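Only one structure is covered here, and it is reproduced in the block below.
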Amino acid sequence: MKRNFIALILLFFFSGSLQAQEAMMKPPQFQITVPSKYDFNDTVDLLKTAIEEQNLMVITELDIQRMLRLVGVQRKGMKKVYFFHPSFMKRIMEANKHATAEPPLKIDIMEMPN
């Protein structure tokens, strides 16, 4: 059953119409892009500092650029910063126990060519 599900997902991604694939490539409406006037590493550091100044916890930072290099993909800086606060989890659990799968929040930082 699991193998059939994976095959179905692969089939969906590789055989869809160009229009459907382009629609999947667009960022979701809730996602916003904010350019930074700082270089990549300074942007990451400033972002983490700003998160902590709001009494939130930086849970982890993933170096996506490094992971991509492991599979032969060269890309400029790319990191994901996960953050949250335990008090929010309590409020989420009280409102909807099923929503506890959503946290932590994340921000993607990507260095663009320009």
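Derivation of every value follows stated rules applied to the coordinates shown; laboratory data play no part. Keep in mind it's a predicted model, so treat the numbers as computed, not measured. Quick reminder, even Gly has a Cβ in these numbers, built from the backbone with ideal geometry, and neighbours come from all protein chains shown.
Using a 7 Å offset from the Cα along the Cα-to-Cβ direction at both Thr49 and Lys106, what is the distance between the two label points in nm, to one decimal?
2.6 nm
Can you compute the modelled spin-label distance between Lys37 and Glu94, with each label point 7 Å from Cα toward Cβ, in nm?
That separation, rounded to one decimal, is 4.1 nm.
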